[in-house]
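First the structure, in the form of structure tokens, and then the observations on it.
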Amino acid sequence: MSVNILAIESSCDDTSCAVISDGILKSNVIASQKVHEAYGGVVPELASRAHQQNIVPVVSEALRQAGLSREELTAIAYTRGPGLLGSLLVGTSFAKGMAIGLDIPLVDVNHLHAHVLSQFIRENEDDPVPTFPFICLLISGGNSQIVLVKSENEMEILGQTIDDAAGEAFDKCAKVMGLPYPGGPHIDRLSKEGDAEKFKFSKPHIQGLDYSFSGLKTSFLYTVRDGLKENPNFIEENLADLCASLQKTIIDILLNKLKKAIRQTKVREVAIGGGVSANSGVREAVEELCRNEGIKAWIPKRSFTTDNAAMVATAGYFKYLKKEFGSLDQPPYARVTL
């Protein structure tokens, strides 16, 4: 009998539902929220309201695309945290209610854990997956971590940001330049037209494998401020070069520590995950680094880099096989580590 897992992801501003059958992805539906663009960032109250509107049609569509009825489901997986508490409450409550109604197990999933395990999303039986141990560079708007992945449920954080995350640096610097939210994709697009050597921004000198991006943001802000004093059209006339130089600096910071981690651990495989891993410059730089180091690079499909339920379903499937079930009295959590 097949193991059919339905998963719900609602940690931020994307409502997503996915279905996997015996570890193979059957559907992955995502409803994005455009309302936040006008505010330059996610508004928690608006996000939770939108989740309430989206969750029923998203779940229904995921089941339809998978060709399964609710009665054929084996378990319900859901993102318990970390994330926006109001948004998590919508997904958590719906998942619990569905599990009760169908009388099937509930599986709670760590959002960061799911991002790491996105490398194991399989759309076909013969899709390759990483072998353990491997390093995952987990980079998003809220997290920048180097993770040693020893198994599906054993992970060690080798390094992480001590202040801001890489995605936050992209978005806040984009806002300084007047680019729409989210700024990362706009910077990625414009950087292809710019000179990455035009501007030099501050790079941190942090011990070990930890990251820091606050100094870079300050350096970028001062560069723009000083440029505007001399030329009111400074941003418009240098937009592509500013984007290219900023993106190169962030990538240099990320890869400097990743290279150290590879050599310290002597792993033979490296993966990337999280929203910033959709950045074309990051993807190319990691592939080049791995080629130079003679190791395997795992670069996920862009649709699996941002928040999605396919990764939650995959993580939930591994937990289900180990019978690691959640309980109805477990509340969602806004903050937690791997």
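Tabulated data for the structure shown
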{"read-out": "Scaled radius of gyration (Cα, divided by 2.2 N^0.38 Å) that the range 266-335 gives", "value": "1.46"}
{"read-out": "The chain, relative contact order in percent, only Cα pairs under 8 angstrom and at least six apart counted", "value": "24"}
{"read-out": "Net charge contributed by nearby residues that have their C-beta within less than 10 Å of Asp163 (K/R +1, D/E -1)", "value": "-2"}
{"read-out": "Crossing angle, helix 280-293 versus the chain [Cα axis fit, 0-90 degrees, rounded to tens]", "value": "90"}
{"read-out": "Interchain or long-range residues, amide H under 5 Å from Trp298's placed H", "value": "Val270, Ala271, Ile272"}
{"read-out": "Helix 309-321 axis, angle to the chain major axis (alpha carbon atoms, nearest 10°)", "value": "50"}
{"read-out": "Counted charge near Glu152, where neighbours are those whose Cβ lies closer than 13 Å (Asp, Glu -1; Lys, Arg +1)", "value": "+1"}
{"read-out": "The range 199-338 pair-distance distribution - Cα-Cα, 5 Å bins, rounded %", "value": "2, 8, 13, 15, 15, 15, 12, 9, 6, 3, 2, 1, 0"}
{"read-out": "In Å, descending, principal axis extents of the Cα set of the chain", "value": "67, 46, 32"}
{"read-out": "Highest to lowest packing among 255-264, 64-73, 163-172, scored as the average C-beta count within 10 Å", "value": "163-172, 255-264, 64-73"}
{"read-out": "Long-range HN-HN contacts of Val107 with modeled amide H, under 5 Å", "value": "Ile76, Ala77, Tyr78, Gly326"}
{"read-out": "Length gained when the stretch Lys259-Ile100 is fully extended (0.36 nm per residue, less Cα-Cα span)", "value": "52.5 nm"}
{"read-out": "J(HN,Hα) series, the range 118-130, from Karplus relation 6.51 cos²θ - 1.76 cosθ + 1.60, nearest Hz, glycine and proline x", "value": "4, 5, 9, 5, 10, 9, 9, 4, 8, 5, x, 9, x"}
{"read-out": "Hz values of 3J(HN,Hα) by residue in the range 196-206 - Karplus curve (6.51, -1.76, 1.60), Gly and Pro given as x", "value": "6, 9, 5, 10, 10, 10, 5, 10, x, 10, 9"}
{"read-out": "Computed over the range 1-117: relative contact order in percent, which uses C-alpha pairs under 8 Å that are six or more apart", "value": "30"}
{"read-out": "Considering only the chain, percent of DSSP beta bridges that pair antiparallel, nearest 5", "value": "60"}
{"read-out": "The range 58-182 - Debye-derived log10 I(q)/I(0), Cα point model, q = 0.16, 0.19, 0.22, 0.23 Å⁻¹", "value": "-1.05, -1.20, -1.26, -1.29"}
{"read-out": "Principal-axis tilt of helix 234-265 within the chain, Cα atoms, nearest 10 degrees", "value": "60"}
{"read-out": "Calculated FRET value between Asn231 and Val56, using beta carbons and R₀ = 56 Å, to 0.05", "value": "0.60"}
{"read-out": "Ranked by how many other beta carbons lie within 10 Å on average, peptides 114-121, 322-329, 197-204, 178-185 from highest", "value": "114-121, 178-185, 197-204, 322-329"}
{"read-out": "Environment charge at Gln247 (Cβ cut-off 13 Å; Lys +1, Arg +1, Asp -1, Glu -1)", "value": "-3"}
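Laboratory data are not the source of any read-out in this text; all were calculated from the coordinates shown. Note that this is a predicted model, so its numbers are computed, not measured. Reconstructed Cβ throughout: ideal geometry from the backbone, glycine too, with neighbour counts over all protein chains shown.
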